[in-house]
Amino acid sequence: MEETLDSWFEREILAHEEALVRYLRRVWPNQDDVHDLRQEAYIRVYEAAGKSRPYAAKSFLFSSARHLMADRVRRSRIVSIEAVGDMDFLNVLVDEITPERQVAGRQELKRLAQAFDGLPPKCRRVLWMRKVEHMPQKEVAMLLGVDEKTVERHVTKGLRRVADYVFGTRSAADGAWKGIEKLEGGMDHG
């Protein structure tokens, strides 16, 4: 005997009501809309499940809620700064990640890591501290015992070399990274 839509909905969807409300309160800027959003999400899920039951009900519910919020933001004529700030949490501007995009992303990350590895140690360390750890230039200079101009030169040259490598204007095999310390003069020592 096949389960009725109502009993499926109660078991698979309503069971997540608390989590859904917490999620909506966390990401939606107007708290007065939370219960309306919940109800609209339920309607969307119920109608869709009437045609074909989703494989992963909880994921489908939360996905429906995200799409609903995205629709509301798109429909609104005046988008508040708070709503725009929360778009990251809604995950509405990010396309689905396809296997091809995952592979391309891994390849780009590998190329970036190779570019970083090819930098002289001090240049790599300065670039990491400034661009990845977001440390102030003055702090980096103090920690490494160099002046701020040296930090600035390391960042400029490091970024240029990483960009050259990543965007294909230099290859790993052409020896472009060799001799960087010579080009930088005494920077690695000061």
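The values are calculated or read from the model by the stated rules, or taken from the named source; none is laboratory data. What you are looking at is a predicted structure, and each value in this text was computed from that prediction instead of being measured. For neighbour counting, all protein chains shown are included, and Cβ atoms are generated from backbone atoms with ideal geometry for every residue, glycine included.
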Item to check | Residue list for the stretch 12-29, filter: assigned to a helix (DSSP H, G or I) and among the β-branched types (Val, Ile, Thr) | outcome: Val21, Val27
Checklist entry - Residues of the stretch 105-129 being under 21 Å from Phe167 (Cα atoms), at pLDDT 85 or above and of a type in the set (D, E, K, R), which ones? => result Asp117, Arg124
Checklist entry - So which pairs qualify, if the first residue must be in the stretch 102-121 and free of Cβ contacts under 8 Å to residues at least 40 places away in the same chain and surrounded by 10 or more Cβ atoms within 10 Å (Cβ to Cβ), the second must be of a type outside the set (S, T, N, Q) and assigned to a helix (DSSP H, G or I), the Cβ gap must be under 8 Å, and the two must be at least 6 apart or on different chains? => result Asp117/Arg124
Item to check | All positions within the stretch 20-33 that are surrounded by 11 or more Cβ atoms within 10 Å (Cβ to Cβ) and either hydroxyl-bearing (Ser, Thr, Tyr) or over 18 Å from Phe60 (Cα atoms) (or both) | outcome: Tyr23, Arg25, Trp28, Pro29, Asn30, Asp33
Checklist entry - Within the stretch 59-71, is even one residue over 25 Å from the mean Cα position of the chain (by Cα) and assigned to a helix (DSSP H, G or I)? => result no
Next on the checklist: If I filter the stretch 33-52 for residues that are under 20 Å from Arg74 (Cα atoms), in contact (Cβ under 8 Å) with a residue 40 or more places away in the chain and assigned by TED's automatic domain parsing to the domain that holds Met69, do I get at least one hit?
Outcome noted: no
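Within the stretch 96-155, how many residues turn out to be assigned to a helix (DSSP H, G or I) and either of a type in the set (A, V, I, L, M, F, W, C) or in contact with a Pro (Cβ under 7 Å, 6 or more places away or on another chain) (or both)?
First, the residues of the stretch 96-155 that are assigned to a helix (DSSP H, G or I): 99-117, 121-132, 137-144, 148-155.
Keeping just the survivors that are either of a type in the set (A, V, I, L, M, F, W, C) or in contact with a Pro (Cβ under 7 Å, 6 or more places away or on another chain) (or both) gives 103-104, 109, 112-113, 115-116, 123, 126-129, 132, 140-144, 151, 155.
Matching residues across the stretch 96-155 total 20.
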